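Input: a single structure, listed below in structure tokens.
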Amino acid sequence: MTRISLTVDGAKVADDVEPRMLLVQYLRERLGKTGTVIGCDTSNCGACTVHLDGTSVKSCNVLAVQADGSEVTTIEGLAATTGNGELHPVQEAFRECHGLQCGFCTPGMIMQSVDLLKENPHPSEEEIRLGLEGNLCRCTGYHNIVRAVQHAAGAEA
Ligand code: FES
Ligand code: FES
């Protein structure tokens with residue numbers, strides 16, 4: 001077992017974990033953060049996306065021990081980062097633009113979109129599609145997801 005300490009959604013946590021434990025398993029199974037979901041076993045779908053020190057990562061692709069000393073934000077802590085008790089603007093945009101159907105991909109889509117807009121606050125449609133290419137959605141056909149990101153960026157959508 002290896003001792004890790006990190007901050008998750010603003011709370012400090014410390015735990016003994018097996019070195020092979022994935023960050024997504026740690027978040028879900030130890031911390032009960034089931035808002036972060038597992039959609040594949042091939043690092044393909046992006047449903048497990050969280051922010052590690054402010055940058056989006058697929059948490060099934062990161063070991064829990066690699067997050068030692070880091071700050072992790074999941075979909076469950078995203079709204080709190082606004083500091084005003086409201087949904088994050090990207091969450092709000094997904095709601096407004098119906099950027100989801102079953103919602104399974106949505107936590108990862110939103111976390112990836114937040115990172116995308118941080119890097120490029122005014123992306124073109126092509127840049128949005130490129131930025132989200134690591135996140136798969138089986139329901140929406142992506143159109144409303146792209147609209148939601150455009151909406152969050154303040155573009156007409
Ligand atoms: S569960 Fe992580 S990429 Fe699919
Ligand atoms: S809304 Fe169902 S997988 Fe994207």
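If you build the Cα gyration tensor of the chain and take the root of 5 times each eigenvalue, what three semi-axes come out, in whole angstrom, biggest first?
Gyration-tensor ellipsoid for the chain: 27, 16, 13 Å.
Can you check what the Kirkwood hydrodynamic radius comes to for the range 40-81, Cα pairs only, in Å to one decimal?
10.8 Å
Springs between alpha-carbon atoms under 10 Å, Gaussian network over the chain: tell me which of Thr106, Thr36, Thr140 tops the mean-square fluctuations.
Most flexible of the set in this elastic network: Thr140.
Can you give me the angle between helix 143-152 and the longest principal axis of the chain, using Cα atoms only, in degrees from 0 to 90, rounded to the nearest 10?
80 degrees
Measure nothing fancy, just the Cα-based angle from helix 106-119's long axis to the longest principal axis of the chain, in degrees from 0 to 90, nearest 10.
80 degrees
If exposed means no more than 11 neighbouring beta carbons inside 10 Å and the site is in a DSSP loop, what's the longest run of the chain without any exposed GluC sites (Glu not before Pro)?
1-85
Expressed as a whole number of Å, what is the distance separating the alpha-carbon centroids of the range 32-46 and the range 66-132?
15 Å
Since every read-out is calculated from the coordinates, none of them should be taken as a lab result. Just so it is clear, the model here is predicted, and its values are computed rather than measured. Virtual Cβ from ideal backbone geometry, glycine too; neighbours counted across all protein chains shown.
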